[in-house]
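First the structure, in the form of structure tokens, and then the observations on it.
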Amino acid sequence: MNHPKIKFHVKNFGTMTAELYPEVAPLTVANFLSLVENKFFDGLIFHRVIAGFMLQGGGYDEEMQHKDAKAIKGEFAANGFATNTLKHTRGVLSMARTNDPNSASPQFFIMHAPAPYLDGQYAGFGKVIEGDEVIDAIANVETGNYGFYMQDVPVEAVVIETVELLSE
């Protein structure tokens, strides 16, 4: 299968190229590509970074202003979607969500290290295929708390300048 590819341009860190897997999460991939095409992610940040776990982005700008998009159905086994068998290994892209299994949409995370306990609980939908060193560099930034409700926030903003769809 020909997998769509996207490129994250992260200010001061470089680029990461990922391939997306519509065969395991068709609605999730279609939603993500729609957000990319509409430049939704441009200027947003990785707002939660935990070395040895994951990098989360897609929901906040540099001023920590929340940006949201319409929620979609969670395509993972615990939510009745058995065909998504993508494991949460290093580099995998997956959808962040609240306790509501159908609350995913713009926020995503990139695995820094394997987390098998997430398998079947979150909608994995792609994998970084180039830019491992960028994952490591972001994972190792200094983090702290933002107010009383957000932890693991980079002290200096890690800005997603653009996310682009590469020609297929």
query: Which number in (1) closer than 20 Å to N140 by Cβ; (2) in contact with a helix residue (DSSP H, G or I) (Cβ under 8 Å, 6 or more places away or on another chain) marks the one condition that Y21 misses?
result: (1)
- prompt: Do we have M1 as outside any strand (DSSP E or B), over 21 Å from Y122 (Cα atoms), of a type in the set (A, V, I, L, M, F, W, C) and in contact (Cβ under 8 Å) with a residue 12 or more places away in the chain here?
  reply: yes
query: Applying the selection to region 97-128, what residues are hydroxyl-bearing (S, T, Y) and within 11 Å of the chain's Cα centre (by Cα)?
result: S105
- prompt: Going through region 79-103 one residue at a time, which ones are within 14 Å of L55 (Cβ to Cβ) and in contact with a Lys or Arg (Cβ under 8 Å, 6 or more places away or on another chain)?
  reply: G91, V92, L93
task: Test each condition in (1) of a type outside the set (F, W, Y); (2) surrounded by fewer than 22 Cβ atoms within 10 Å (Cβ to Cβ); (3) farther than 22 Å from Y117 by Cα for I45 and report the one that comes out false.
output: (2)
statement: Residues in region 1-34 that are under 13 Å from the mean Cα position of the chain (by Cα), among the β-branched types (V, I, T) and closer than 16 Å to T83 by Cα total 2
statement: Those residues of region 54-72 which are assigned to a loop (DSSP other than H, G, I, E, B), surrounded by 15 or more Cβ atoms within 10 Å (Cβ to Cβ) and in contact with a strand residue (DSSP E or B) (Cβ under 8 Å, 6 or more places away or on another chain) amount to A71
task: Being surrounded by 17 or more Cβ atoms within 10 Å (Cβ to Cβ), modelled with pLDDT of 95 or more and part of a strand (DSSP E or B) is the filter here, so list the residues in region 94-137 that pass it.
output: S94, M95, F108, F109, I110, M111, G124, F125, G126, K127, V128
message: When you scan region 84-93, do you find a residue that is surrounded by fewer than 18 Cβ atoms within 10 Å (Cβ to Cβ), more than 23 Å from V153 (Cα to Cα) and of a type in the set (D, E, K, R), even just one?
response: yes
field: Pair list, Cβ under 9 Å, 6 or more apart: region 61-80 residue without any contact (Cβ under 8 Å) to a residue 12 or more places away in the chain, other residue of a type outside the set (V, I, T) and not in a loop (DSSP other than H, G, I, E, B)
entry: H66/G59; H66/Y60
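The values are calculated or read from the model by the stated rules, or taken from the named source; none is laboratory data. Keep in mind that what you see is a predicted model, and the values were worked out from it rather than measured. We place every Cβ from the backbone using ideal geometry, glycine too, and count neighbours over all the protein chains shown.
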